[in-house]
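Report on the following structure.
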Amino acid sequence: MKKLGTAEKILREAYKLFDREGPDAVSMRRVAEAVGITPMAIYRHFPNREALLKRVSDDSFKKLAIEWSARSQHTDITERLMALLEPYLDYALAHPHLFDHSFSVRREDARRYPEDFRSGKSPTFNIGVEAIAEGMRQGVLRKDDPWAVAMSATAHSHGLIALYRAGRFSYDEAQFRKFYLESLGRLINGIKA
């Protein structure tokens with residue numbers, strides 16, 4: 001196994017803190033202590049805390065995009081879309097702090113719809129758009145703007161997750177997961193040709 005360099009160790013520990021406690025827990029002092037270096041040593045690798053948080057967030061997006069890409073191999077468009085929307089829920093429930101930072105918190109460096117998305121700056125969103133565009137080309141989905149349809153599906157998914165996490169469902173996780181998938185199935189059936 002390859003030995004981690006200092007930058008990778010910093011990122012690993014920052015990620016752990018972020019994932020467990022949220023972005024406010026990621027201080028240079030706490031990360032340095034976990035890595036076994038001085039807080040000032042971090043600045044050799046990351047110019048400031050914001051750059052470190054951005055890198056943790058960006059790496060998290062890339063990891064999620066790789067997983068989604070692997071799940072998007074279904075030839076059946078309906079199965080492919082469902083396979084893409086389920087990990088969104090998995091990610092939200094397994095990594096609530098990273099999910100919120102990535103998708104729910106106002107940030108200056110956050111991608112903006114439609115410009116940033118249409119220019120391909122979202123590694124996760126692009127995968128959904130590709131599946132929807134493919135479904136439209138195949139005639140399985142109604143012709144429409146694939147970017148707008150992808151944003152509608154994402155907003156639907158995100159809204160359900162936000163309501164569940166805010167305690168607006170009386171369901172346990174298994175019941176909510178079933179409802180979530182059925183609801184997304186209804187949405188996908190509504191855009192079929």
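The values are calculated or read from the model by the stated rules, or taken from the named source; none is laboratory data. Keep in mind that what you see is a predicted model, and the values were worked out from it rather than measured. We place every Cβ from the backbone using ideal geometry, glycine too, and count neighbours over all the protein chains shown. Side chains included, ligands, DNA and RNA excluded: accessible areas come from the protein's heavy atoms. Shrake-Rupley method; radii C 1.70, N 1.55, O 1.52, S 1.80 Å.
Sort out the exposed loop trypsin sites (Lys or Arg not before Pro) in the chain (DSSP loop, at most 12 other Cβ within 10 Å) and tell me the longest stretch that has none.
Numbers: sites that count: Lys2, Lys3, Arg44, Arg106, Arg112, Lys121, Arg142, Lys143, Arg168.
The answer is 45-105.
Of the accessible area of the chain, computed with a 1.4 Å probe over protein heavy atoms only, carbon and sulfur atoms account for 53 percent. In this structure, the residue pairs whose Cα-Cα separation is over 19 Å, taken from Lys54/Lys121; Lys9/Lys63; Lys143/Lys192; Lys63/Lys178; Lys2/Lys54; Lys9/Lys54, are Lys63/Lys178; Lys2/Lys54. State whether segment 69-193 is rounded, prolate or oblate according to the following rule on the C-alpha gyration tensor (a ≥ b ≥ c being the square roots of its eigenvalues): a/c under 1.5 gives rounded; otherwise a/b larger than b/c gives prolate, and the remaining case gives oblate. Note, shape of segment 69-193 comes out oblate.
The sum of -39500 (n - 2.57) across all DSSP H runs of n ≥ 4, divided by the residue count of the chain, sets its helix-only mean residue ellipticity at 222 nm to -22000 deg cm²/dmol.
Solvent-accessible surface of segment 39-108, averaged per residue with a 1.4 angstrom probe and all protein chains in place: 53 square angstrom.
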